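The values are calculated or read from the model by the stated rules, or taken from the named source; none is laboratory data. Being a predicted model, the structure only gives us computed values, none of them experimental. All Cβ positions, even for glycine, are placed from backbone atoms using ideal geometry, and neighbour counts span all protein chains on display. Each accessible area value is taken on the protein alone, full model and side chains, heavy atoms only, with ligands, DNA and RNA left out. Shrake-Rupley method; radii C 1.70, N 1.55, O 1.52, S 1.80 Å.
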Amino acid sequence: GLLLPAVAPGAPATLTAAAGNNAASLKWTAPTVTGDSPITGYRIERSGDGASWAFVETRPASARSRTVSGLANGSTYHFRVAAVNASGTGDWSTVAVVTLPSARVVDAGRRHTCAIRIDRRVVCWGQN
């Protein structure tokens, strides 16, 4: 019989990252090319410099988002996602870069949220 080469999935079509308090919210779309078998999951990696990458986790095939917590406010992070199938890990998405806020968010009750900025000024928002 004829043996065909294994084909991993293509890159996820889009990846976005939104900054949060000590966290980044990632969203991606499935690749248009799934390879020679169904997608079994998505591999997420992060970097502080865009050159040296560290594994974050693998998400299930149905996932299209993930909030990555435990990050440092005031820092910049690079993220990338790749689809995985039985043939292996596919191409990486374009890199999404996000800088987390420098302020520390504190709870000011049920109606207000306040943040203490690096310059020590307090900024609050919410209902009066």
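Return the carbon/sulfur percentage of the accessible area of the chain, one whole number, probe 1.4 Å, all protein chains in place. Walk me through the numbers on the way to the answer.
On the way: 4000 of 7700 Å².
So the carbon and sulfur contribution to the accessible surface is 52 percent.
Pairwise alpha-carbon distances in region 1-55 exceed 18 Å for 51% of all pairs.
Can you tell me how much longer the chain between Asn21 and Val95 gets when fully stretched, taken as 0.36 nm per residue apart minus their C-alpha distance, in nm with one decimal?
Details: separation 74, 0.36 × 74 = 26.64 nm, distance 2.07 nm.
Stretched out fully, the Asn21 to Val95 stretch lengthens by 24.6 nm.
Under the simplified labelling scheme, the Thr67-Val7 pair shows an inter-label distance of 3.8 nm, with each label point 7 Å from Cα along Cα→Cβ.
In the elastic network of the chain, a GNM with C-alpha springs shorter than 10 Å, the most mobile of Ser25, Ser102, Ser52 is Ser52.
Around the amide H of Thr14, modelled in the peptide plane, lie the amide H atoms of Thr29, all under 5 Å away and 5 or more residues distant in sequence or on another chain. Solvent-accessible surface of protein heavy atoms, probed at 1.4 angstrom with all chains present, puts Val68, Val84 in the order Val84, Val68, largest first.
A 1.4 Å probe run over the chain, with the rest of the protein chains in place, finds 60 Å² accessible per residue.
Over all alpha-carbon pairs in region 1-101, figure out the percentage whose distance exceeds 17 Å. Counting pairs separated by more than 17 Å, the tail of P(r) holds 49 percent. Computed from backbone phi with θ = phi - 60° and the Karplus coefficients 6.51, -1.76 and 1.60, the 3J(HN,Hα) list for region 15-25 is 9, 10, 9, 10, 6, x, 7, 6, 7, 9, 9 Hz; x is used for glycine and proline.
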